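In what follows, a structure is listed as structure tokens, so that the remarks can point back to it.
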Amino acid sequence: MSETTTGADKKTARATGARRRHSRHGPDVAWGFLLPGGGVLAVWGSPGCGKTVTAVKIAKHLASQKKNVALLLCDMTAPMMPCICPPSELECDKSLGSIFAAQRISVNLIKHNLTTHKKLSYLTMLGLRKGENEYTYAACTKQQAEELIRGLREIAPYVVIDCSSYIANDILSAVALMEADSVLRLANCDLKSIGYLSSQLPLLRELHWDEDKQYKAASNIKPLQAADRIGQVLGSVAFQLPHSQELEEQYLEGTLLNDLSMKDSKAFRREIEKICKEVF
């Protein structure tokens with residue numbers, strides 16, 4: 001698909017792809033995911049590009065619109081749950097890793113291990129707890145990853161997946177990128193991000209990844225980074241996420257589910273709204 005492809009074209013292609021991916025799971029499952037609105041969005045990109053921040057804020061925005069959303073945090077080396085909100089704000093203390101102890105993953109098993117927020121009733125989350133790592137639980141298999149994502153589709157009409165950068169060593173993130181209806185691909189406006197993506201994209205192409213479903217986004221844009229500079233480094237992008245000092249402070253404090261109320265965050269909030277409207 002060319003760089004000039006419209007959002008409507010992407011949505012049509014995404015629906016067609018979703019139909020192909022889910023038809024093998026039976027007509028009832030496939031039907032549910034082709035209803036207007038909703039779907040699975042995987043957020044992925046170079047290290048330090050703001051994947052988790054963006055994924056959380058997208059999920060938060062959807063939940064604030066009274067849309068049921070499930071947020072899956074894939075990182076097994078640095079658990080992201082503690083970075084999102086204080087433990088005291090959560091209804092329970094469950095872990096993504098517990099799911100992988102089972103040979104087969106059912107919807108009921110997923111529901112039992114979901115974490116809910118006391119004040120955000122439309123949001124549910126799944127990730128590792130503080131202190132856990134990739135060796136705390138059994139390793140995730142390709143089949144388990146597919147069953148997990150399929151189960152989340154049945155639980156919530158909107159699913160946002162925060163993928164880790166290193167897909168070669170992360171089966172869950174790799175499967176998420178393949179199974180998602182859309183992929184938001186983030187990159188900072190620097191050569192390191194470009195170098196990273198150049199090294200990782202061939203891995204996805206080997207798996208016959210559908211590149212048509214990706215939306216490219218420039219992340220953490222500083223005030224002095226002009227639009228033409230972004231184009232020179234990243235090429236054509238669908239979204240531009242500006243730097244926000246308030247957002248950076250939320251990340252450092254582990255309060256990403258808090259509202260962004262400062263004036264310097266207005267442009268970022270507007271772009272998140274734009275992403276949600278375009279992608280879903």
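The values are calculated or read from the model by the stated rules, or taken from the named source; none is laboratory data. Fair warning: this is a prediction, and the values are worked out from it, not measured in the lab. In this analysis, Cβ positions are derived from the backbone assuming ideal geometry, glycine residues included, and neighbour counts consider all displayed protein chains.
Please find, among Ala145, Ala138, the residue that is among the aliphatic types (A, V, I, L, M), more than 14 Å from the chain's Cα centre (by Cα) and modelled with pLDDT under 95.
On the way: Ala145 fails: modelled with pLDDT under 95.
After applying the criteria, what remains is Ala138.
Does segment 154-170 contain any residue that is aromatic (Phe, Trp, Tyr), under 17 Å from Gly39 (Cβ atoms) and out of contact with any Ser or Thr (no Cβ under 7 Å at 6 or more places or on another chain)?
So far as segment 154-170 goes, yes, one or more of its residues are aromatic (Phe, Trp, Tyr), under 17 Å from Gly39 (Cβ atoms) and out of contact with any Ser or Thr (no Cβ under 7 Å at 6 or more places or on another chain).
Taking into account only those residues within segment 218-257 that are at pLDDT 75 or above, polar (S, T, N, Q) and surrounded by 16 or more Cβ atoms within 10 Å (Cβ to Cβ), which is nearest to Ser121 (Cα to Cα)?
Restricting to residues being at pLDDT 75 or above, polar (S, T, N, Q) and surrounded by 16 or more Cβ atoms within 10 Å (Cβ to Cβ), the top hit is Gln250.
For segment 101-145, give me the residue count where each residue is surrounded by fewer than 19 Cβ atoms within 10 Å (Cβ to Cβ) and either part of a helix (DSSP H, G or I) or acidic (Asp, Glu) (or both).
Counting residues in segment 101-145 that are surrounded by fewer than 19 Cβ atoms within 10 Å (Cβ to Cβ) and either part of a helix (DSSP H, G or I) or acidic (Asp, Glu) (or both) gives 10.
Can you name the residue in segment 154-174 that is over 23 Å from Leu123 (Cβ atoms) and under 14 Å from the mean Cα position of the chain (by Cα) and is also surrounded by the fewest Cβ atoms within 10 Å (Cβ to Cβ) among such residues?
Within segment 154-174, the subset over 23 Å from Leu123 (Cβ atoms) is 165-171, 174.
Among the residues that remain, those that are also under 14 Å from the mean Cα position of the chain (by Cα) are: 165, 167, 174.
Details: Ser165: 19, Ile167: 22, Ala174: 23.
Here the answer is Ser165.
Pairs, please: C-beta under 9 Å, at least 6 apart or cross-chain, first residue touching a residue at least 60 places away in the same chain (Cβ under 8 Å) and in segment 195-213, second of a type in the set (Lys, Arg) and not in a helix (DSSP H, G or I)?
Listed by first residue and then by second, the contacts come to Leu197/Arg185.
Return only the number of the condition from (1) closer than 20 Å to Gly48 by Cβ; (2) hydroxyl-bearing (Ser, Thr, Tyr); (3) at pLDDT below 95 that Ser265 does not satisfy.
All conditions are met except number (3).
What's the number of the condition Asp264 fails, among (1) over 30 Å from Arg153 (Cβ atoms); (2) crowded, with 16+ Cβ neighbours inside 10 Å?
(2)
Just name the residue that is modelled with the lowest pLDDT out of those in segment 96-118 that are within 22 Å of Asp75 (Cβ to Cβ) and polar (S, T, N, Q).
This residue is Ser98.
Considering each of Ser23, Ser64, Ser46, Ser2 in turn, give the residue that is under 23 Å from Asp212 (Cβ atoms), at pLDDT 55 or above and hydroxyl-bearing (Ser, Thr, Tyr).
Details: Ser23 fails: at pLDDT 55 or above; Ser64 fails: under 23 Å from Asp212 (Cβ atoms); Ser2 fails: at pLDDT 55 or above.
Testing whether each residue is under 23 Å from Asp212 (Cβ atoms), at pLDDT 55 or above and hydroxyl-bearing (Ser, Thr, Tyr) leaves just Ser46.
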